[in-house]
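S.K.: Sharing a structure here in structure tokens format.
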Amino acid sequence: MLGGTEFVGRTVTEAALARGWQVTVFHRGHHAPPQGATALRGDRTAPGGLTALEHGTWDAVVDTWSGAPSTVGDTARLLAGRVRTYAYVSSRSVHPFPAPAGLAEDGPLVEASPDDGGDTDYARAKRGGELAALAAFGDHALLARAGLILGPYENIGRLPWWLTRIARGGPVLAPGPRDLPLQYIDARDLAAWLLAAAERGLGGPYNLVSPPGHTTMGELLDTCVRVTGSSAELRWTAPDRILAADIAPWTDLPIWLPPGELHDTLHAADVSKALTAGLRCRPIADTVTATWAWLRTLDGQAPQRADRPRMGLDPQREAEVLRGAA
Ligand SMILES: NC(=O)c1ccc[n+]([C@@H]2O[C@H](COP(=O)([O-])OP(=O)(O)OC[C@H]3O[C@@H](n4cnc5c(N)ncnc54)[C@H](OP(=O)(O)O)[C@@H]3O)[C@@H](O)[C@H]2O)c1
């Protein structure tokens, strides 16, 4: 596991350990590794930083890198011949924006280079990472193109923000329509699929999110109310009113995107290939319950990645908009 101490990597590491696998995590040491994993230290961006990986063999490696593609290439080349499968946690962002509803893995891809060593935008970084994994591992590169990822350990602040907001109670600006279909993956389902796929020796790209409409905005927020035991009152508000109030979908109101091309891009992927290859998605109630249980162990201090924007709507702004909408 390259990384393995934060959100997605940590979930994958714990899932592998739970299967009884021997797991090595390679990281800088900024976060504690899951108990039971063997830790190797090194900095992927520093000269000589991969020394700890120069010896050893593994059945599979999982890489979540989202920076420069050349960093993926460096580890992939170093490990080639000593590892069977290189599983790269990629993203559906590898498709140019906007992606039409129903887009499958064979849709158009952004132009990117596996050798790009600089600061590049997220879409090119992920596509470049895919190309770097493919260059070293060919058919044994497994490209898991995730969409929105939720679940315990989330350090982006999407579901944690909704849970914290709803737990605070009072009138909540609930972005409609209530029956808006959502598509996401619980990191634990991503981990289970990825490990099983690596074990089977699968390769190539897979969209790794739930079927579209696995839940709805209404079911998600109702579940947050129920699980937190809050007296919050959801005030369903039409998309046009939210947009007219200059509230940013996705960041001010995490997870939510108004119907249209943004929503099609992020909540309407074709996932039949992964479903045929065994993907199972737990119900939203499980994701919300487990994420809330985890948050409650943290005294309200949810982790936040420094390299991603803070999520959530300012409470004063929310109150103003609700007053206007009342
Ligand atoms: N969130 C979403 O909705 C979403 C959607 C689609 C795809 N994705 C993908 O999901 C993945 C998220 O992965 P993640 O949560 O595991 O986070 P990550 O940022 O990929 O991994 C962080 C890990 O990398 C280690 N690390 C960081 N810099 C390092 C360096 N220079 N050298 C060695 N190790 C280093 C950290 O270890 P220490 O700090 O312990 O040293 C930590 O274990 C990404 O691939 C992202 O593109 C996310």
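S.K.: For ASP43 and LYS273, what is the calculated FRET efficiency with R₀ set at 22 Å and r taken between the beta-carbons, to the nearest 0.05?
M.R.: Numbers: r = 35 Å, r/R0 = 1.61.
That pair, ASP43 with LYS273, gives E of 0.05.
S.K.: Hey, what angle do you get for helix 122-137 against the long axis of the chain, alpha-carbon based, 0 to 90 degrees rounded to 10?
M.R.: 30
S.K.: Moving on. Take every Cα-Cα pair in region 44-186 and report what % of them are more than 21 Å apart. Provide the component values of the computation, followed by the final result.
M.R.: Working: 5447 of 10153 pairs.
Taking all Cα-Cα pairs of region 44-186, the fraction more than 21 Å apart is 54 percent.
S.K.: May I pose another question? State the extension gain, in nm to one decimal, for the chain segment bounded by ASP307 and GLU54, taking 0.36 nm per residue of separation less the distance between their alpha-carbons.
M.R.: Stretched fully, the ASP307-GLU54 segment lengthens by 88.2 nm.
S.K.: Regarding region 201-254, what's the average projected area of the Cα-atom convex hull, expressed in nm²?
M.R.: 6.4
S.K.: Next up: With θ taken as phi - 60° and the coefficients 6.51, -1.76 and 1.60, list the Karplus ³J(HN,Hα) couplings across region 175-182 in order, rounded to whole Hz; mark glycine and proline as x.
M.R.: Each residue of region 175-182 in turn: x, x, x, 3, 8, 4, x, 10 Hz.
S.K.: Take every Cα-Cα pair in region 1-81 and report what % of them are more than 14 Å apart.
M.R.: 59
S.K.: Taking the inverse of the average 1/r across all pairs of different Cα atoms in region 206-326, what Kirkwood radius in Å do you get?
M.R.: 16.7
S.K.: Same structure, new question: Taking just the C-alpha trace of the chain, give me its Rg and Dmax in Å.
M.R.: 20.0, 65
S.K.: Report the extension gain between TRP236 and ARG178 in nm, rounded to one decimal, defined as 0.36 nm multiplied by the number of residues separating them, less their alpha carbon distance.
M.R.: Extra length available between TRP236 and ARG178 comes to 20.2 nm.
S.K.: Compute the distribution of all C-alpha to C-alpha distances in region 132-179, in bins of 10 Å from 0, and list the percent of pairs in each, rounded to whole numbers.
M.R.: Percent of Cα pairs in each bin: 19, 29, 24, 13, 13, 2.
S.K.: Note the angle between two axes, namely the Cα long axis of helix 315-325 and the longest principal axis of the Cα atoms of the chain, as a number of degrees from 0 to 90, rounded to the nearest 10.
M.R.: The helix 315-325 is inclined about 50 degrees to the chain.
S.K.: Let me know the charge dipole size of region 153-193 about its Cα centre in debye, to the nearest 20, where only the beta-carbon of Lys, Arg (+1) and Asp, Glu (-1) is charged.
M.R.: Dipole about the Cα centre, nearest 20: 220 debye.
S.K.: Over all distinct Cα pairs, what is the inverse of the mean 1/r for region 142-269, reported as the Kirkwood hydrodynamic radius in Å?
M.R.: Values: mean 1/r = 0.0639 Å⁻¹.
About 15.6 Å, per the Kirkwood formula over Cα pairs.
S.K.: Out of every Cα pair in region 37-100, what percent are spaced more than 19 Å from each other? All intermediate terms of the calculation are to be shown ahead of the outcome.
M.R.: On the way: 779 of 2016 pairs.
Roughly 39 percent, once rounded to a whole number.
S.K.: With charges set only on the Cβ (+1 for Lys and Arg, -1 for Asp and Glu), what does the dipole of the chain come to about its Cα centre, in debye to the nearest 20?
M.R.: Approximately 700 debye in magnitude.
S.K.: Also: Within the chain, which is the longest segment containing none of the trypsin sites (Lys or Arg not before Pro) that sit in a DSSP loop and have at most 15 other Cβ atoms within 10 Å?
M.R.: Details: sites that count: ARG19, ARG28, ARG82, ARG178, ARG280, ARG305, ARG310.
Longest stretch, sites excluded: 179-279.
Every number in this text was worked out from the coordinates using simple rules, so none of it is lab data. Remember, it's a predicted structure, so these values are computed and weren't measured experimentally. Reconstructed Cβ throughout: ideal geometry from the backbone, glycine too, with neighbour counts over all protein chains shown.
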